[in-house]
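Heads up, the thing below is written out as structure tokens.
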Amino acid sequence: MLKVGLTGGMASGKSVVGEMFVALGAHLVQADRLAHELMQPGQPVYDEVVRRFGREILNADGSVNRPKLAEIAFAAPDEGQRGSRVDELNQIVHPAVIRSQEQWMCAVGIQDRHAVAMVEAALILEAGMANRFDRLVVVTCTPEQRVSRLAARQKIDLESARQEVQRRMAAQLPDVEKIKAADYVIDNSGSIENTRQQVEHVWEKLRNQADAIDPPRRDKASFAEG
């Protein structure tokens with residue numbers, strides 16, 4: 001089985017690219033979906049998040065209001081406080097998400113030892129998870145596309161979207177750093193058909209590697225292919 005990390009900055013189009021890989025035959029799980037499941041009432045992650053961030057992050061039914069949690073986590077630090085609280089949140093959520101990812105990939109590998117198991121996650125590099133994968137695919141786009149896509153997705157004005165992108169991207173590595181660590185780069189700044197062609201090209205390489213017996217682990221110092 002080939003373990004593939006799919007990452008990129010906010011609103012770069014990771015989910016769209018992930019859907020294209022799935023259509024070609026990849027198995028895919030979204031780290032954000034796993035995090036959402038782990039923050040359901042009754043889960044240890046839920047209990048710890050509520051303990052640290054307070055019950056004001058909860059909806060009336062007791063579920064976590066994720067926009068409210070994000071607002072608190074990404075807020076500018078108070079005087080005397082080091083950094084935003086996003087690191088504190090990540091320290092609670094990331095270990096549990098990583099365990100869930102590993103369990104999912106193990107299950108996929110049992111079903112098909114030549115599978116391409118892909119994890120879509122925004123913070124693979126930031127969380128130090130790159131070495132858990134055999135290959136790393138990075139999705140990129142232009143800064144203005146990031147803003148316009150977020151505005152369309154959340155139905156907000158461009159200025160609000162720009163502020164939200166800046167706030168979220170402050171906790172992420174810039175694209176140039178992600179590209180340096182990538183095995184493959186999908187430039188999602190053009191047409192959807194252009195993106196699809198790039199995905200098909202990368203898929204052919206991943207599929208061939210997954211079909212090989214005992215494919216080698218990725219070198220942590222590898223760079224993006226041209």
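For the range 33-48, which positions are out of contact with any strand residue (DSSP E or B) (no Cβ under 8 Å at 6 or more places or on another chain), of a type outside the set (Gly, Ala, Ser) and assigned to a helix (DSSP H, G or I)?
Arg33, Leu34, His36, Glu37, Leu38, Pro44, Val45, Asp47, Glu48
If you go through the range 1-59, how many residues are in contact with a Gly (Cβ under 7 Å, 6 or more places away or on another chain) and either under 30 Å from Glu193 (Cβ atoms) or surrounded by 15 or more Cβ atoms within 10 Å (Cβ to Cβ) (or both)?
Keep residues of the range 1-59 that are in contact with a Gly (Cβ under 7 Å, 6 or more places away or on another chain), which gives 1, 6, 14, 28, 41.
Now narrow it down to the ones that are either under 30 Å from Glu193 (Cβ atoms) or surrounded by 15 or more Cβ atoms within 10 Å (Cβ to Cβ) (or both): 1, 6, 14, 28.
Of the residues in that region, 4 qualify.
Per-residue answers, yes or no, for (1) surrounded by fewer than 20 Cβ atoms within 10 Å (Cβ to Cβ); (2) under 16 Å from the mean Cα position of the chain (by Cα); (3) among the small types (Gly, Ala, Ser); (4) part of a strand (DSSP E or B):
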{"position": "Gly109", "(1), (2), (3), (4)": "yes, no, yes, no"}
{"position": "Val119", "(1), (2), (3), (4)": "no, yes, no, yes"}
{"position": "Ala127", "(1), (2), (3), (4)": "yes, yes, yes, no"}
{"position": "Asn131", "(1), (2), (3), (4)": "yes, yes, no, no"}
{"position": "Val137", "(1), (2), (3), (4)": "no, yes, no, yes"}
{"position": "Arg146", "(1), (2), (3), (4)": "no, yes, no, no"}
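Starting from the range 189-202, keep only residues that are part of a helix (DSSP H, G or I), then list their pairs with residues that are hydroxyl-bearing (Ser, Thr, Tyr) whose Cβ atoms are within a distance under 8 Å, requiring at least 6 positions of separation or different chains.
Short answer, once both residue conditions are applied: Val202/Tyr184.
Looking at the range 94-122, which of its residues are out of contact with any Leu (no Cβ under 9 Å at 6 or more places or on another chain) and either among the acidic types (Asp, Glu) or within 22 Å of Val16 (Cα to Cα) (or both)?
Across the range 94-122, the qualifying residues are Glu102, Met105, Val108, Asp112, Ala122.
Please work out which residue is surrounded by the fewest Cβ atoms within 10 Å (Cβ to Cβ), limiting yourself to the range 60-95 and to residues that are polar (S, T, N, Q) and modelled with pLDDT under 95. Talk me through it step by step, then tell me what you get.
Our first condition is that a residue be polar (S, T, N, Q); within the range 60-95, this holds for 63, 65, 81, 84, 90-91.
Keeping just the survivors that are modelled with pLDDT under 95 gives 81, 84, 90-91.
Working: Gln81: 10, Ser84: 17, Asn90: 17, Gln91: 12.
Restricting to residues being polar (S, T, N, Q) and modelled with pLDDT under 95, the top hit is Gln81.
The values are calculated or read from the model by the stated rules, or taken from the named source; none is laboratory data. For clarity, every value in this text was computed on a predicted model and none was experimentally measured. Backbone-built Cβ (ideal geometry, glycine too); neighbour counts: all protein chains shown.
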